[in-house]
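Student: Next up is a structure, given as C-alpha cells.
The values are calculated or read from the model by the stated rules, or taken from the named source; none is laboratory data. No experiment lies behind these values; they were computed from the predicted model shown. Counting neighbours? That spans all protein chains shown, and the Cβs are built from the backbone with ideal geometry, glycine included.
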Amino acid sequence: MISFLKGIIAYKDFNTVSIDVNGVGFEVFISSFCSAKIGEVGELITLQTYLNVREDEMTLFGFYDKFEKEVFSKLILVNGVGPKMAINILSGVSAEDLSFAIATQNAGVLKNIKGVGTKIRERILLELKEKMDAISRLADVSTIVQETSNNEDFASALNVMTDWGVPKTKAQEILTRIYTPSDNLESLIQKAFKELGR
C-alpha cells in the first residue's frame, strides 16, 4: 500500500499530477481543490494517496491532506460510488463542505455534480450520516464554521449545551443543523433547546 508520496511536481493539470520521486514518475488522480492547493511544476510536495488495485490496472488517487483522504475513503464505501466518482465528487464540492452537507443532510450541495444522480445522492447522505456519526468523526464543527462572522457565538452555544449535560456530539449535530449566519448566541441557544424540547 502506498500511503503517501513526496516528490517534485513534474506535470499538473485540473485532475492529474505527475510526481517525480527520486527519478520515478507517479501519475496521480486528484480533485480540482487539491490541484489548486498543491503548488506548481518544480515544487516539492507531499500527497496522501490511495492505491486502487484491479485485475487490469493499478490507479493512484491523491489528496491534499488526511482529511480529504478520509472523506474519500468514506465515499467509496457507498454502494455505486467508485474511486473515480469519489474524486469527481470531491472536485465538485470540497471535503469540508461535503462533510458539513452530510451532517446537515443537505442534498443540494451534490445536485450539480456531473454523473451523480438522485439515488447516489440519497445513498451518500444516508449511509455516510451513519458511518461518520454526524460530523465529529471527520472534523470539529467549529473549524468548519470558523470563517463565519458568528463563530464565537457558535462555540459559546456549544459550551452552554455541554455544560447543561448535552453530549458534545449531539450538541454539534443540532447546532450545525439550525445554524444560520444571522444567529447570535441568544438565538442559537433558544433554537437549540427548543430542538431538545426544553
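Student: Given the structure, is GLU127 modelled with pLDDT of 50 or more, within 16 Å of the chain's Cα centre (by Cα) and either of a type in the set (D, E, K, R) or in a loop (DSSP other than H, G, I, E, B) (or both)?
Tutor: yes
Student: Confirm whether GLU96 is touching a residue at least 12 places away in the same chain (Cβ under 8 Å), surrounded by fewer than 21 Cβ atoms within 10 Å (Cβ to Cβ) and of a type in the set (Asp, Glu).
Tutor: The answer is yes for GLU96.
Student: In segment 137-167, what residues are among the small types (Gly, Ala, Ser) and either part of a helix (DSSP H, G or I) or modelled with pLDDT of 80 or more (or both)?
Tutor: Listed by number, the residues that qualify are SER142, ALA155, SER156, ALA157, GLY165.
Student: Same structure again: With respect to GLU70, determine if the residue is modelled with pLDDT under 95 and outside the structural domain of ILE113 (by TED's automatic domain parsing).
Tutor: Criteria not met by GLU70.
Student: Here's something else I'd like to know. Could you figure out which of (1) modelled with pLDDT under 90; (2) surrounded by 16 or more Cβ atoms within 10 Å (Cβ to Cβ) isn't true of MET85?
Tutor: The one condition MET85 does not meet is (1).
Student: Right, next: Since THR180 meets every condition but one in (1) at pLDDT below 85; (2) loosely packed, with under 13 Cβ neighbours inside 10 Å; (3) closer than 29 Å to PHE72 by Cβ; (4) not acidic (Asp, Glu), which condition does it not meet?
Tutor: With respect to (1) at pLDDT below 85; (2) loosely packed, with under 13 Cβ neighbours inside 10 Å; (3) closer than 29 Å to PHE72 by Cβ; (4) not acidic (Asp, Glu), THR180 is out only on (3).
Student: Filter segment 56-68 down to the residues that are charged (D, E, K, R) and crowded, with 22+ Cβ neighbours inside 10 Å and list them by number.
Tutor: Scanning segment 56-68 gives a single hit, GLU68.
Student: Just to check your reading of the model, which residue among VAL78, VAL71, VAL41 is of a type in the set (A, V, I, L, M), outside any strand (DSSP E or B) and surrounded by fewer than 19 Cβ atoms within 10 Å (Cβ to Cβ)?
Tutor: Criteria check complete, one pass: VAL41.
Student: Only one of these conditions is not met by ARG54: (1) over 19 Å from the mean Cα position of the chain (by Cα); (2) over 19 Å from PHE14 (Cβ atoms); (3) modelled with pLDDT of 90 or more. Which number is it?
Tutor: (3)
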